[in-house]
Structures are given as C-alpha cells and as structure tokens.
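Everything below concerns the one structure shown next.
The values are calculated or read from the model by the stated rules, or taken from the named source; none is laboratory data. What you see is a predicted model; the values in this text were computed from it and never measured. Cβ: placed from backbone, ideal geometry, glycine included. Neighbour counts: every protein chain shown. In case anyone asks, the SASA skips ligands and DNA or RNA and just uses the protein heavy atoms, side chains included. Shrake-Rupley method; radii C 1.70, N 1.55, O 1.52, S 1.80 Å.
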Amino acid sequence: MGHDDRFDDLIASLGGFHRSWLIYLGLELGLFSRLRSAGPGGLTPAELAESTGTHHEAVDVWAWAVDAHDLATLEEGRLVLDDDVAVILLDDERAEFLGGQFIHAVVASMDWGAMADFFRTGTPIGERPDRYRLAIERLTRQDIAVFFQEALAALPQLVADLSRGGRVVDIHCGGGRWLVAMARRFPALELVGVEFEADSVARARATVAAEGLSDRIDIRQADATKPGGAGEFDLAYFQYALHQLPDAPRVLGAAWAALHPGGRLLALDWPLPTEPDEFRTRHGEIIAGVQLDEILQGTALASRTQFLDWFENAGLPAPTSIDLPSGAVLFVLERPD
C-alpha cells in the first residue's frame, strides 16, 4: 500500500471512531428509532430533539454529522434515516444486527483510560461498572438472533425435542434475554438461568417478571460450577460465556453432570482466528478490538483449539463444531443414553 493509500486508510479509521460515537448516541438516546418511526418524511433536528427530550443544538450537530457519515440524509432541513441502516442498527432479532456491537465498543472504551497502565503492569482492571454489563447484554442480542436463525437451523432434531418440552439451563445467563426468547419460541419448556453477578441477576429477574414468565423461568444466583442437580436438565447452554469463566473445564464438567442421559450441551461463541490471514479481515479487526478489551478485564477470547482443549480437560468427548454463517461457532455435545 502506497503512502497516499495508507493515509486514506488511516483517516478513514479516524472517521470510524467518530462514526461509532454518532451511532452510539443515536441508539442510546432513541434518535434513530424516532427517525425510523417518522418514515420517509423525516424530521427537522428541532422536531427530533423535541420528541426525544434532547438538546436541540446538540441534535442539530448530530444531524449534519450523521449526514456526513452517510448514516442518514439531511436535505432541506429534514433528516431521513436510510432503511438499511435502520435494519442493521435497530432490528435486534436479526443475525446481521450490529447496534449492540457499536454500543459495546463505545461503552467498553470508556474504561480504556486504564489501558496504558495495564500494558505497563499487566494488571487487569478487575471489576467493570454496571453499564458495561448492560452493554454486553445489548451486544449479545445479536448472539440470540444467531442462535435462533442459524444454530437451530443446523439442529432440526433439537428443535423437535425442545418443542415437546423439557428443562433448559442457561449458564452465566446475564440479563436473561435468551431465556425469554426460548420461552416464547418453545412454550412447553421450563427454563433456569444461572448467574453470579448480582446486578445481572436483578435485571434478569426484572425482565422475566415484566414478560410475565416468572412461572416458567427461574433465575438463580449461583456460581457457574453449580448449575443444578445431577441429571436435572435436557439442555445446558453457554452463550458468549464460556471464555469469560475462570475455570472453563470445571464449568463444562458441572454442566455435563447436570444433564440427564440424552441431554445436550451447547456453547455458542466467537472464537479467535487461527491463521494470520483470518485476522486481516474486517471480522478479524473487530475480534482483535474485542480481545483488547477482554484482556484489560482479565478474560480472553479463545481459539477453536482452546475450546476443544477445555472439553478434553473436563474429561468430556470431543464436541461437534458447527461453523455458522455469521462467523460464530456452535459447539455441540450429546450425552449418551
């Protein structure tokens, strides 16, 4: 790449930083949602500010900025949101949803003032604020969509079995959104969420109660190594969770013990690339950024090989690895009858 091309490439990255903040503000303050509901006629910046309870001068700057970044079109004083942008940033039930990615990226970077010290000392920051876990929950909305649109499509027998009922546990369940989605999709299921973070437990219970599902979803505050009694569940599920737990083999062993014969263990995650060329892609760029944040807090994304090693170290059979269209990987293991 020549000097001029490299300059253009780097300045585009600088613009991308500002674009991420514009998207975050548009999502967090409801600006994009309000523009979408306004339809093709759009809104003036003043109307947008009035309807979202935001400051009109700030929204005026945001309006011409999102136009400059090709996120919306500002013509004759009216701002109109592009339909494709709305789908990608707002529709959290689609596998191509990226709104959660932008929210997580910006919220995570709010803690990066400690990054230089971490690089000097190697000491992680430890506890993250509640806003970080909220951002993670927004991020994993995409994972929920991937599970329903891609993972279940690859496991038709699982769909048939879940439709007949059974007991399911989501280990390190966060805010409980996957459990709610499962309860809606499979009305005969009984579901348990296991979570050790107190604030996430509170949010999960509140979400379950608000959805009127407290009779079918039980949120338990417990360590991930204590998912339930022996043979209690038909399915144990980890969603973007296994790599964040301090002793993954022990957690896998406990989940396996909680399955009855014929039960399944599923782990959906986004493994690190294994070859240098895989990192030199847009997906690789994003994964690299996520990994930087992970190591700051003392966790780390894992490669496919590391996931397989965890199963082996837990004394479990090798799982089946299913590459999903989104780039996620589903690890599947069925307990013999």
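Couple of notes before you dig in:
- Protection-proxy order for peptides 89-99, 211-221, each taking the mean of Cβ atoms within 10 Å per residue, highest first: 89-99, 211-221
- When only the Cβ of Lys, Arg, Asp and Glu is charged (+1, +1, -1, -1), the dipole of region 1-120 relative to its Cα centre reaches about 340 debye.
- Region 5-162 - percent of accessible surface contributed by carbon and sulfur, probe 1.4 Å: 55
- Peptides 243-252, 314-323 ranked from most to least packed give 243-252, 314-323, packing being the mean of other C-beta atoms within 10 angstrom over each peptide's residues.
- Inter-part distance, region 254-277 to region 211-226, computed on C-alpha centroids, equals 21 Å.
- Shape of region 131-248, Cα gyration tensor, a/c cut at 1.5: rounded
- Sequence of 280, 304, 184, 6 when ordered by accessible area, the most exposed leading, probe 1.4 angstrom: 280, 184, 6, 304
- At least 15 Å along the helix axis (C-alpha) and Kyte average at least -1.0, DSSP helices within the chain: 3-28, 56-68, 99-109, 198-210, 282-296
- DSSP-defined antiparallel bridges as percent of all bridges, the chain, nearest 5: 40
- Options 240, 301, 263, ranked by Cα towards positive dipole end of region 237-337, top entry (Cβ charges): 263
- Note on residue 215 and residue 75: the extension gain reaches 45.3 nm, defined as 0.36 nm multiplied by sequence separation minus the Cα-Cα distance.
- Taking a ≥ b ≥ c as the square roots of the eigenvalues of the alpha-carbon gyration tensor, the chain is classed prolate because a/c is 1.5 or more and a/b outweighs b/c.
- About the Cα centre, charge dipole magnitude for region 61-176 (Lys/Arg +1, Asp/Glu -1 at Cβ), debye: 660
- Potential extension, residue 323-residue 9 segment - 0.36 nm per residue separation minus Cα distance: 110.0 nm
- Packing rank of 7-16, 73-82, where each peptide gets the mean count of other beta carbons within 10 Å, highest leading: 73-82, 7-16
- Where region 163-230 is the region considered: accessible area per residue in Å², 1.4 Å probe: 42
- Entry note, the chain: the mean residue ellipticity at 222 nm calculated from DSSP H runs of n ≥ 4, each adding -39500 (n - 2.57), is -14500 deg cm²/dmol after division by the residues and rounding to the nearest 500.
- Computed 3J(HN,Hα) for region 69-80, one whole-Hz value per residue from the Karplus formula 6.51 cos²θ - 1.76 cosθ + 1.60 where θ = phi - 60°, is 8, 6, 9, 8, 10, 9, 9, 6, x, 10, 9, 10, glycine and proline marked x.
- Distance between the pseudo-spin-label points of residue 283 and residue 152 (7 Å out from Cα toward the beta carbon): 2.3 nm.
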